1. When only residues in region 289-304 that are of a type in the set (Asp, Glu) and more than 26 Å from the chain's Cα centre (by Cα) count, which is surrounded by the fewest Cβ atoms within 10 Å (Cβ to Cβ)?
2. When the residues of region 235-283 are narrowed to those that are within 20 Å of the chain's Cα centre (by Cα), aliphatic (A, V, I, L, M) and farther than 23 Å from Ser344 by Cβ, which ends up surrounded by the fewest Cβ atoms within 10 Å (Cβ to Cβ)?
3. Applying the selection to region 328-346, what residues are among the aliphatic types (A, V, I, L, M), part of a helix (DSSP H, G or I) and buried (at least 18 other Cβ atoms within 10 Å of the Cβ)?
4. With respect to the numbered conditions (1) assigned to a helix (DSSP H, G or I); (2) among the β-branched types (Val, Ile, Thr); (3) under 18 Å from the mean Cα position of the chain (by Cα), which one is the sole condition not fulfilled by Val150?
5. Where in region 42-109 are there helices (runs of 4 or more DSSP H), lying wholly inside it, with at least 2 residues that are at pLDDT 90 or above and surrounded by fewer than 17 Cβ atoms within 10 Å (Cβ to Cβ)?
6. Here are some conditions: (1) of a type in the set (S, T, N, Q); (2) more than 30 Å from Ser344 (Cβ to Cβ); (3) over 23 Å from the mean Cα position of the chain (by Cα). Gln47 meets all but one. Which one does it not meet?
7. Take Ala353 and tell me if it is farther than 30 Å from Ser135 by Cβ and in a loop (DSSP other than H, G, I, E, B).
Amino acid sequence: MTTIDFSLIPDADGHYEAIVRLMTSFKRETGIDVNLKRMEWGDAWPQLISISTQGQGADISHVGSTWVSSLMTMNALRPIPAHLISKVGSDQAFVHSTWANVVAEDDRQPYGIPLSAYVYVVAYRKDLLKKAGLSGATAFATPHSLEESVRSLAALNETEVPWLMPVVPHPFNDLVHMAASWIWSSGGHIMDNRGKQILINSPAALAGLKSFLKLLRHVPNDGYLGADMCMDALMDGKAAAVVTDAASLLTAVQNKSQNIEDIAAASLMSIPWSGGGSIVIWRHTYGYPDRLEASYKLAEFLVRKHTMLELANNSNILPARTDALDELFPPDHILRPVMLQLISTGRSYRPIALWHRIEHQFGVELGEAANKLMKDPDADLDVVVTQTMNSLADRLNLTLG
């Protein structure tokens, strides 16, 4: 009997427990034993670096979607073979932005297979939006319309706060992920089309970042406010509209939370950031034919429509397959508008070798700027953002050479 090691980074205990149950089904189907190694998002990257540099450890891993490009260039992965790509349905079967994360820019070959999608959403009170004369289809589509919508909701004065979004002490890379939607929907870019120059200090990008931090600045700064806590505040009637994540909204739906019928959801901007998780098979696994074949079988099993739906229904993880998303969110589902926007315009970052380093430094600097602006009401937002991004762009462009 073949045994393989599979490392994964679950978002929550429910996600891990769902994978454990799926591994039982996989063994029953194939006779292959799977040793699970659980990692946590906070310290998974150093462990993955250890696997890549030492050439030993897990045979197959679940990793952050934006990490695949860095692992490719460490020579830690090999392209996914054509026969496996054919089995899983190739790029046509997956949300475009999730597939873009696993494809190398130089040879256009996939080095991983998307497993899940992750997206931030705006959840809001339908009655208050209507009272403010706003439409969910347009109220949160651009930085300008979102600012105007928050102003209109505040004027109603019917909740403790009109608007909430996650606030987590830096370094917090999800600040980058949220801010990306503001940058792109303002017409800006994080880097140029060649992946050779950072553009976060361009006029359009700065406009988006200033709008993002302007709204973040007005969120009560109590030290920590997670996406799930934003959703709880909305459900408790304390907020009119919030940025949360799809999993938190799905949890409220699944739990049949009181007042859920009064809540609707919209995409965060017309160009939402799309993240998630991907499956990779390590280069060293190719030296063990039995483990390699078993890893192929596990990868194919994990990215089946049925498996993704089971994960979604048991842990609220968004599937990366479009057919699974379509079945999970029928036309009357609260997240249907978000799903349609994700499929049509969802965007991720360029899969370049140094992206993980860029993302980390961007997150640190953006977090420090946010912290300064939230603590000091007299700090000049324009000056803080412009100086921070000019300095960061200069340093990152030196890194890119």
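1. We begin by selecting, within region 289-304, every residue of a type in the set (Asp, Glu); these are 290, 293, 300.
With more than 26 Å from the chain's Cα centre (by Cα) added as a condition, the list becomes 290, 293.
Details: Asp290: 12, Glu293: 14.
Per the criteria, the residue is Asp290.
2. Restricting to residues being within 20 Å of the chain's Cα centre (by Cα), aliphatic (A, V, I, L, M) and farther than 23 Å from Ser344 by Cβ, the top hit is Ala252.
3. In the first step, residues of region 328-346 are kept if they are among the aliphatic types (A, V, I, L, M); the result is 328, 334-335, 338-340, 342-343.
Next, only the ones that are part of a helix (DSSP H, G or I) stay: 328, 338-340, 342-343.
Residues satisfying the conditions are Leu328, Val338, Met339, Leu342.
4. Of everything listed in (1) assigned to a helix (DSSP H, G or I); (2) among the β-branched types (Val, Ile, Thr); (3) under 18 Å from the mean Cα position of the chain (by Cα), Val150 misses just condition (3).
5. Values: elements: 44-54, 68-73, 82-88, 96-100.
Passing ranges, in order: 44-54, 82-88.
6. Of (1) of a type in the set (S, T, N, Q); (2) more than 30 Å from Ser344 (Cβ to Cβ); (3) over 23 Å from the mean Cα position of the chain (by Cα), only one is false for Gln47: (3).
7. Values: farther than 30 Å from Ser135 by Cβ: yes; in a loop (DSSP other than H, G, I, E, B): yes.
Here the answer is yes, as Ala353 does meet what is asked.
Let's see how each residue does on (1) of a type outside the set (Gly, Ala, Ser); (2) modelled with pLDDT of 95 or more:
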site: Thr307; (1), (2): yes, yes
site: Ser315; (1), (2): no, no
site: Ala320; (1), (2): no, yes
site: Arg350; (1), (2): yes, no
site: His356; (1), (2): yes, no
site: Gly367; (1), (2): no, no
site: Lys375; (1), (2): yes, no
site: Ala393; (1), (2): no, yes
site: Leu396; (1), (2): yes, no
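The values are calculated or read from the model by the stated rules, or taken from the named source; none is laboratory data. On a predicted model such as this, the values are computed, not experimentally measured, just so you know. Note that we place each Cβ from the backbone using ideal geometry, even for glycine, and neighbour counts take in every protein chain shown.
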